[in-house]
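Structure first, then comments.
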Amino acid sequence: MAASGYSDLREKLKSMTPHRDEIKNKYVDGTSNGSSGKGRKRKVRESDDDEYEHSDDCAENREQEAGRVKSSILQKNIFTPEECALIEGKIDDVVARGEAGLYREHTVDRAPLRNKYFFGEGYTYGSQLEKRGPGQERLYRKGEVDEIPSWVDELVIKRLVSSGVVPEGFVNSAVINDYQPGGCIVSHVDPLHIFARPIVSVSFFSDSALCFGCRFQFKPIRVSEPVFVLPVGRGSVTVLSGYAADDITHCIRPQDIKERRAVIILRKTRPDAPRLDTDSPLSSSPVERPAPLKAKRYHRRAQPDAAHRPRVLEMDKEENRHPSHSRQRRHSTGSENYWRRGQDSDKHRESSGRKVKMRRH
């Protein structure tokens, strides 16, 4: 987020959703119409706490916005505890297969305290993008991620179809997000040019919350007050459309993941969604299954004390995705600095006539 230059990720949506301009009025300084505007101006107190002072009108506007979010969300409790336990066992199997390197390269996306598994369709996002900003996401070429597992279709999608949540044949993309305690996902909107609406998700393993309109800051990580907080229980189905899906960001805060949690996100890609072309560096890998991935260095089981450990986010430290490149850059930079220090030392010896002992690194 910091790299994109936006202090609030919702500002990114303006270029993608022009109809959001009507929302700006609640943050506009009232002095523009000649009045003092004290009742309408949003005052920001610049402090380490990053707290906000809201006028009565601003608080009312936030309540109205929360109402818009709530009215465009549908929640259902479809899955019984027994069905949840069965599906959770299948999710554990997915994690085990990922650990064993049995999936295609772009099926598994690893990040600290959160693993992502793409099925049916996968897409580039975050640090994977060649150009940052909304609208830059691209689908991978067909066949670069594994197909949707049969158990997802039998145990999850068919239940949603029979319950009237989605029409038959709607879902062609399934993503499993596996969170450990303290994990999170920063504020975002599911790419409008990639996915049709609605966005459907089903929660497993534990209860959590989905927050709307938050703003993330890092070093240390801080999250502003949400516009709306939606509790999501184990086995609950959440359907986002309209305002909640398109006109406000949503996120998972670290403090809301107290135990291991997994969510299955079911979506439909748009027919005209852009894909990576064959000349793109990210699409140069073959469609065939690559060699098995190396075993991970840490265990993915939920640990009770993990929520109290320091958290490192994928957007906070981009080198987590490309450790080899980072090491190469550090080595290259270190070598250059070492060479420059050597030259400076030689010049110093010539001018002073004294030997200078170089420190070995």
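The values are calculated or read from the model by the stated rules, or taken from the named source; none is laboratory data. Quantities reported herein were computed from a predicted structural model and do not represent experimental measurements. Counting neighbours? That spans all protein chains shown, and the Cβs are built from the backbone with ideal geometry, glycine included. All accessible areas refer to the heavy atoms of the entire protein, side chains included, with ligands and DNA or RNA removed. Shrake-Rupley method; radii C 1.70, N 1.55, O 1.52, S 1.80 Å.
Brief remarks follow.
- Flag if A209 is part of a strand (DSSP E or B), in contact (Cβ under 8 Å) with a residue 40 or more places away in the chain and over 22 Å from E121 (Cα atoms): yes
- In the stretch 147-158, residue surrounded by the most Cβ atoms within 10 Å (Cβ to Cβ) [restricted to those that are in contact (Cβ under 8 Å) with a residue 60 or more places away in the chain and not aromatic (F, W, Y)]: V156
Here is a yes/no grid of residues against (1) under 16 Å from I257 (Cα atoms); (2) open to solvent by less than 10 Å² (accessible area, probe 1.4 Å):
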{"residue": "L160", "(1), (2)": "no, yes"}
{"residue": "P167", "(1), (2)": "no, no"}
{"residue": "N177", "(1), (2)": "yes, yes"}
{"residue": "G182", "(1), (2)": "yes, yes"}
{"residue": "H193", "(1), (2)": "no, no"}
{"residue": "V202", "(1), (2)": "yes, yes"}
{"residue": "F205", "(1), (2)": "yes, no"}
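- Flag if I248 is in contact with a Ser or Thr (Cβ under 8 Å, 6 or more places away or on another chain) and at pLDDT 95 or above: no
- One residue from V202, V186, V239 being touching a helix residue (DSSP H, G or I) at 6+ places or on another chain (Cβ under 7 Å), assigned to a strand (DSSP E or B) and in contact (Cβ under 8 Å) with a residue 60 or more places away in the chain: V202
- Residue match in the stretch 147-155 (condition: modelled with pLDDT of 95 or more and in contact with a Gly (Cβ under 6 Å, 6 or more places away or on another chain)): yes
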